[in-house]
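Engineer: Just dropping this structure here.
The values are calculated or read from the model by the stated rules, or taken from the named source; none is laboratory data. This one's a predicted model, so the numbers in the text were calculated from it and none came from an experiment. Heads up, the Cβs are rebuilt from the backbone with ideal geometry, glycines too, and the neighbour counts pull from every protein chain shown. These area figures cover heavy atoms from the full protein model, side chains too; ligands, DNA and RNA do not enter into them. Shrake-Rupley method; radii C 1.70, N 1.55, O 1.52, S 1.80 Å.
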Amino acid sequence: MSDKQLDPDFRAAQHLAATGDIGAEVAALAQPMIDSNETTGLVVGVLTPDGKRQFFGFGTTHQDGGHQPDGQTLFAVGSLSKGFLAATTSVLVQEGVLGWDETLATLLPASVPLSEDAKRITLRQLVTHTAGLPRQPMTERTLLYFVEYLFTGKSFYRHFDRAYLLEYLSTFKKHHGGVPQYSNIGYGVLGYVLELKTGKKVDALVHEKVLDPLRLHRTGYVPEKLPGYGERALGHAGDQPKFIRRGELVPDWQFTDIMSGSAALYSNASDLLAYANAHLASTGSGVLDAGLRDTLKVQFEREREAAASAWFVDDIDGHRIAHQIGLVAGYTAYIGIDEQTRTAVVVLQNNFNWTDRIGHRLLLRMAQAKNFNSKHLQR
């Protein structure tokens, strides 16, 4: 027997091909995370090759009077917000409002002081994390807030307002030219650019260009106004904050206007899976279809985490998986798409955990299962 045949994922894919029981595969990956108290609750949404959408909930929304989450349960999704902002940007490019190679020198008012390196940053570089901007400026104040976060869970982004980020751009020096370097503040700047060019706030823009056309009515920046807010999943400590016991409740984060497009969205697995499916199937809007497809195009090629627009693309066993991960307060979110098999997976947890072991593995198992079935039909 080959090493590949001994691989548990390979055997799981064979089992899936034989039974078609995606629920059993999800449970095998998700239930151990609940049983070990790694996460308090989680929801997995799966788009299978036949076009069906299924949702599986585990654990609880919170330990004191909570309920098992499902496809409609609201979670904070952190940096999955960037995907919606990148999609909105892409639609605006399709409409001719913006151009990918426009620079901050022309996108921002002449009254905004920019360093020479900041002036050359393009719209394309902002959406692909290749502008050379850091995840966040690690100033003395940021470091102080981060240490506080480790003990309290309070946001260490709360001082990143418009004035703060624009002042940072006035002295910015590029250190990683052209190479992807994940940047939360880059998407803050991107949101500000969109507001200037359209005269509309990020919230209104994302709704107009993406959320409303796709009828994603349980996704938005003001969670209190979303259906199901009272029954939402509450955020818990996980791998972080370091000095809060795993499973303890942590405070929700609030974001300044300029940072909201980077990480402030709330959503559920049902809306997110519909959003993923819109990248694979026609939405009925040519401009939106073109915009969503364009976000999946790799701009910086490499085997792992090749950079597209908000998406990163991994090449694993011949399959290219586009994915995004969101980490915020007490939540972890994952969305992944395999264009070749036309499958997608969403995983939402109400604990902050660095590693998502479910998303990629489930996509690969479905891809291998489809290959097994195709070979069987050819015999």
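Engineer: Whole-Hz Karplus ³J(HN,Hα) for region 247-258, in order, using 6.51 cos²θ - 1.76 cosθ + 1.60 and θ = phi - 60°, x for Gly and Pro?
Structural biologist: x, 7, 5, 10, x, 5, 9, 10, 10, 5, 3, 6
Engineer: Starting at the first residue of region 265-280, write each ³J(HN,Hα) from the Karplus equation 6.51 cos²θ - 1.76 cosθ + 1.60 with θ = phi - 60°, in whole Hz, x for Gly and Pro.
Structural biologist: Calculated HN-Hα couplings, in order: 5, 10, 7, 9, 5, 5, 5, 5, 6, 5, 4, 4, 4, 5, 6, 10 Hz.
Engineer: Now, a different point. Using only Cα atoms, figure out Rg for region 57-132 and give it as a multiple of 2.2 N^0.38 Å. The partial results should precede the final answer.
Structural biologist: Details: Rg = 19.4 Å, N = 76, 2.2 N^0.38 = 11.4 Å.
Compactness ratio reported: 1.70.
Engineer: As a quick test, which of the pairs LYS174/LYS200; LYS154/LYS242; LYS174/LYS209; LYS174/LYS201; LYS82/LYS297; LYS201/LYS225 have an alpha carbon distance above 20 angstrom in this structure?
Structural biologist: Working: LYS174/LYS200 30 Å; LYS154/LYS242 12 Å; LYS174/LYS209 32 Å; LYS174/LYS201 28 Å; LYS82/LYS297 16 Å; LYS201/LYS225 17 Å.
Table pairs above 20 Å Cα-Cα are LYS174/LYS200; LYS174/LYS209; LYS174/LYS201.
Engineer: Sort largest first and round to whole Å: the equivalent ellipsoid semi-axes of region 319-379, each the square root of five times a Cα gyration tensor eigenvalue.
Structural biologist: Semi-axes, largest first: 29, 10, 7 Å.
Engineer: Here's something else I'd like to know. Under 5 Å between amide H atoms, partner at least 5 residues away or on a different chain: which partners does THR283 have, H built in plane at 1.01 Å?
Structural biologist: So THR283 has HN proximity to ASP289.
Engineer: Hey, another quick one. What length, rounded to one decimal in nm, is gained on full extension from GLU248 through to VAL97, with 0.36 nm per residue of separation minus their alpha-carbon distance? Intermediate values should be presented prior to the final figure.
Structural biologist: Values: separation 151, 0.36 × 151 = 54.36 nm, distance 4.58 nm.
Roughly 49.8 nm would be gained on extension.
Engineer: Right, something else. Quote the Stokes-Einstein diffusion coefficient, in whole µm² s⁻¹, for region 1-147, based on the Kirkwood radius over alpha carbon pairs, a temperature of 25 °C and a viscosity of 0.890 mPa s. Please list the in-between numbers first.
Structural biologist: Values: Rh = 20.4 Å.
Value of D from the Cα-based Kirkwood radius: 120 µm²/s.
Engineer: Which of the lysines could a cross-linker span from LYS52 if the Cα-Cα distance has to be under 23 Å and same-chain partners fewer than 8 positions apart are dropped?
Structural biologist: LYS370, LYS375
Engineer: What number comes out for accessible area per residue over the chain if the probe is 1.4 Å? Units Å², please. Each step should come with its number before you reach the end.
Structural biologist: Values: 16060 Å² over 379 residues.
On a per-residue basis, the chain sits at 42 Å².
Engineer: Rounded, prolate or oblate: which one fits region 249-303, using the alpha carbon gyration tensor with axes a ≥ b ≥ c (rounded when a/c is under 1.5, else prolate when a/b beats b/c, else oblate)?
Structural biologist: On the way: a/c = 2.09, a/b = 1.59, b/c = 1.32.
In terms of gyration-tensor shape, prolate.
Engineer: Sort 180-192, 241-253, 338-350 by packing, meaning the average of other beta carbons within 10 Å per residue, with the highest value first. Each step should come with its number before you reach the end.
Structural biologist: Values: 180-192: 23.7, 241-253: 16.2, 338-350: 25.3.
Put in order of decreasing packing, that is 338-350, 180-192, 241-253.
Engineer: Among 200-209, 227-236, 58-67, how do they line up by average Cβ neighbours within 10 Å per residue, starting with the highest? Each step should come with its number before you reach the end.
Structural biologist: Values: 200-209: 20.3, 227-236: 18.5, 58-67: 16.6.
The packing order, highest mean first, is 200-209, 227-236, 58-67.
Engineer: Another question about this same structure. Give the long-range amide H neighbours of PHE352: residues separated by 5 or more places, or on another chain, with amide H under 5 Å away, using H modelled in the peptide plane at 1.01 Å from N.
Structural biologist: HIS236, GLY238, ASP239, GLN240, TYR331
Engineer: Here's another thing I want to ask about it. Among 140-153, 284-297, how do they line up by average Cβ neighbours within 10 Å per residue, starting with the highest?
Structural biologist: Packing order, densest peptide first, comes out as 284-297, 140-153.
Engineer: Let me ask something else about it. Work out, step by step, the length gained on full extension between ARG293 and GLU305: first 0.36 nm times the residue separation, then minus their alpha carbon distance; give nm to one decimal. Please list the in-between numbers first.
Structural biologist: On the way: separation 12, 0.36 × 12 = 4.32 nm, distance 1.78 nm.
The ARG293-GLU305 span can extend by a further 2.5 nm.
Engineer: Can I ask one more? Among LEU196, LEU214, LEU273, whose mean-square fluctuation peaks in a Gaussian network model of the chain (Cα, cutoff 10 Å)?
Structural biologist: Evaluated over the chain, the most mobile residue of the options is LEU196.
Engineer: When the Karplus curve 6.51 cos²θ - 1.76 cosθ + 1.60 is applied with θ = phi - 60°, which whole-Hz ³J(HN,Hα) does each residue of region 289-295 get, with x for Gly and Pro?
Structural biologist: Working through the residues one at a time gives 4, 5, x, 5, 4, 5, 5 Hz.
Engineer: At 37 °C and a viscosity of 0.692 mPa s, what translational diffusion coefficient does Stokes-Einstein give for the chain, taking Rh as the Kirkwood radius over Cα pairs? Give it in µm²/s as a whole number. Before the final figure, lay out each step's value.
Structural biologist: Details: Rh = 21.3 Å.
Answer, rounded: 154 µm²/s.
Engineer: Ignoring any ligand, DNA or RNA, what whole percent of the accessible area of the chain comes from carbon and sulfur when the probe is 1.4 angstrom?
Structural biologist: Looking at the chain in its full context, I get 50 percent from C and S.
Engineer: Based on the alpha-carbon gyration tensor of region 194-352 and its eigenvalue square roots a ≥ b ≥ c, which shape applies: rounded if a/c is under 1.5, prolate if not and a/b is larger than b/c, or oblate? Kindly include the intermediate steps, with their values, before the conclusion.
Structural biologist: Values: a/c = 1.70, a/b = 1.20, b/c = 1.42.
Oblate shape, in that a/c is at least 1.5 and b/c is the bigger or equal ratio.
Engineer: Oh, and also: Where does region 1-75 land on Rg(C-alpha)/(2.2 N^0.38 Å)? All intermediate terms of the calculation are to be shown ahead of the outcome.
Structural biologist: Numbers: Rg = 14.8 Å, N = 75, 2.2 N^0.38 = 11.3 Å.
Rg over 2.2 N^0.38 Å, computed on Cα atoms: 1.30.
Engineer: Taking the convex hull of the Cα atoms, report for region 262-379 its projected area averaged over all directions, in nm².
Structural biologist: Values: hull surface 34.6 nm².
So the Cα hull casts an average projection of 8.6 nm².
Engineer: Sorted from largest down, what three extents in whole angstroms do the Cα atoms of region 148-270 have along their principal axes?
Structural biologist: Largest first, region 148-270 extends 41, 40, 27 Å along its Cα principal axes.
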